[in-house]
Amino acid sequence: MTDGRSLHHQKSGKVSFAHVYDLRDPRGYFNTLGKFDYSIAGDGQRLFRMLLETRKNGTDDSPACVVDVCCSYGINAALLKHHVTLDDLYERYGSEELRTLSDEELAVADAEYYGSRRRENASRVVGVDVASNAVSYGLRAGLLDAGAAENLEDGDPSEALRREVSRADLMVVTGGVGYISGRTFGRLLDCCAGRPTPWVAAFALRWVRYEEISSALSGYGLVTESLGGHTFRQRRFVNDAEREYALTELAAMGIDPEGKESEGYYHANFYLSRPREQVLEKPVHELLEPVLEAGEPSDRDGCR
Ligand SMILES: C[S@@+](CC[C@H](N)C(=O)[O-])C[C@H]1O[C@@H](n2cnc3c(N)ncnc32)[C@H](O)[C@@H]1O
């Protein structure tokens, strides 16, 4: 089910990978997305870590609280909380050694694998996704500290989710903008009333308009900046139809695909939303310059 012909097309012209979003464990997800070099979560790892460091700097030593929206199997949690890279995860979930394990056996093996690679003062990660099997796996493997299979496009969060989200320092999204709108963010930020408003960090494909979300966030006092001049490869186009669709959308928006989508990859913009005074104090470029200069994701020194 992984070649371009057998994958289902959504109305947007983007191939749907929905068949691997809610499996009982993440092997199918990684083995399918890996074929198309899905890599945005690796960029998320280095940018989100830097944001957390800044956000927590000068505050108490308690672990930061991250809400991962569209968390899937807990991929961002794996990358934020542990000394692992996205390549490690592709290797692990594609390995012959794990191929024959049941999902329950894999969850036990994963709990051990991640447990032995946990970073000091790792963040607490709360996951939200509509895919209940995926969220359940993230919890069983110890990746997510709390998780909810809820669709906040359609309704308010449960009391349990509300409580977890109320402590958020940072909300993150990789690969999820397009599925969720300002409605989901509004419902999440409502949970934080009376506490410092969390920052919101999201990657969105270049042809997806983020204005509806940034305008919803502005209702909570958050000012959105995009990291202009930098784009991030999301994944390879599955086929020519995807490529043509993306190029047509970009042309309609007056965006030049040269050296980016023209090379065969979806590219995403990065958006960060914070209270105005923090934006004025240090714009997003300045804030993220050290990680952008450092280049490729690396966890080997364990210092980020
Ligand atoms: C491309 S995956 C991204 C997963 C993960 N963040 C990553 O980067 O690997 C998109 C995810 O969005 C989830 N999703 C779709 N609609 C959603 C909604 N309304 N609310 C929350 N999650 C949703 C899907 O179930 C899927 O797990």
### Task
Being in contact with a Leu (Cβ under 9 Å, 6 or more places away or on another chain), in a loop (DSSP other than H, G, I, E, B) and closer than 9 Å to Tyr73 by Cβ is the filter here, so list the residues in segment 130-155 that pass it.
Ala131, Ala141
### Message
Suppose we filter segment 201-213 for residues that are farther than 19 Å from Asp156 by Cβ and either under 15 Å from the mean Cα position of the chain (by Cα) or modelled with pLDDT of 95 or more (or both); how many remain?
### Response
9
#### Entry: helices (runs of 4 or more DSSP H) lying entirely in segment 71-116 (those with 2 or more residues that are surrounded by 14 or more Cβ atoms within 10 Å (Cβ to Cβ))
75-81, 86-93, 103-115
### Task
Go through (1) free of Cβ contacts under 8 Å to residues at least 24 places away in the same chain; (2) surrounded by fewer than 18 Cβ atoms within 10 Å (Cβ to Cβ); (3) part of a helix (DSSP H, G or I); (4) not hydroxyl-bearing (Ser, Thr, Tyr) and name the single condition Val279 misses.
(1)
### Message
Taking the conditions exactly as written (surrounded by fewer than 24 Cβ atoms within 10 Å (Cβ to Cβ), over 13 Å from Val69 (Cα atoms) and either without any contact (Cβ under 8 Å) to a residue 40 or more places away in the chain or within 16 Å of the chain's Cα centre (by Cα) (or both)), does Ala146 satisfy them or not?
### Response
no
### Task
Scan segment 60-77 residue by residue and report those that are out of contact with any Asp or Glu (no Cβ under 6 Å at 6 or more places or on another chain) and either away from the ligand (no atom under 16 Å from the Cβ) or over 27 Å from Asp25 (Cα atoms) (or both).
Asp60, Asp61, Ser62, Pro63
### Message
Within segment 202-233, take every residue that is in contact with a helix residue (DSSP H, G or I) (Cβ under 6 Å, 6 or more places away or on another chain) and part of a strand (DSSP E or B) and give me the one that is farthest from the ligand (Cβ to nearest atom).
### Response
Val223
### Task
Confirm whether Thr100 is at pLDDT 95 or above, touching a Leu at 6+ places or on another chain (Cβ under 8 Å) and hydroxyl-bearing (Ser, Thr, Tyr).
no
### Query
Between a first residue in segment 188-216 that is touching a residue at least 40 places away in the same chain (Cβ under 8 Å) and surrounded by 20 or more Cβ atoms within 10 Å (Cβ to Cβ) and a second residue that is acidic (Asp, Glu) and not in a helix (DSSP H, G or I), which pairs have beta carbons less than 6 Å apart while being 6 or more apart in sequence or on different chains?
Pro198/Asp169
### Summary
Checked pairs for segment 107-131, first free of Cβ contacts under 8 Å to residues at least 12 places away in the same chain, second assigned to a loop (DSSP other than H, G, I, E, B) and surrounded by fewer than 16 Cβ atoms within 10 Å (Cβ to Cβ), C-beta under 9 Å and 6 or more apart or across chains, list as Val108/Leu101; Ala109/Leu101; Glu120/Gly302
### Query
What about Ala168, is it part of a loop (DSSP other than H, G, I, E, B), more than 22 Å from Leu23 (Cβ to Cβ) and away from the ligand (no atom under 15 Å from the Cβ)?
yes
### Criterion violated by Arg163 - all others in (1) more than 14 Å from the ligand (Cβ to nearest atom); (2) part of a strand (DSSP E or B); (3) of a type outside the set (Gly, Ala, Ser) satisfied
(2)
### Count of segment 18-59 residues which are in a helix (DSSP H, G or I) and either buried (at least 17 other Cβ atoms within 10 Å of the Cβ) or within 9 Å of the ligand (Cβ to nearest atom) (or both)
25
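The values are calculated or read from the model by the stated rules, or taken from the named source; none is laboratory data. Computed from a predicted structure; not experimentally measured. Because the Cβ atoms are built from the backbone with ideal geometry, glycine has one as well, and the counts that use them run over all protein chains shown.
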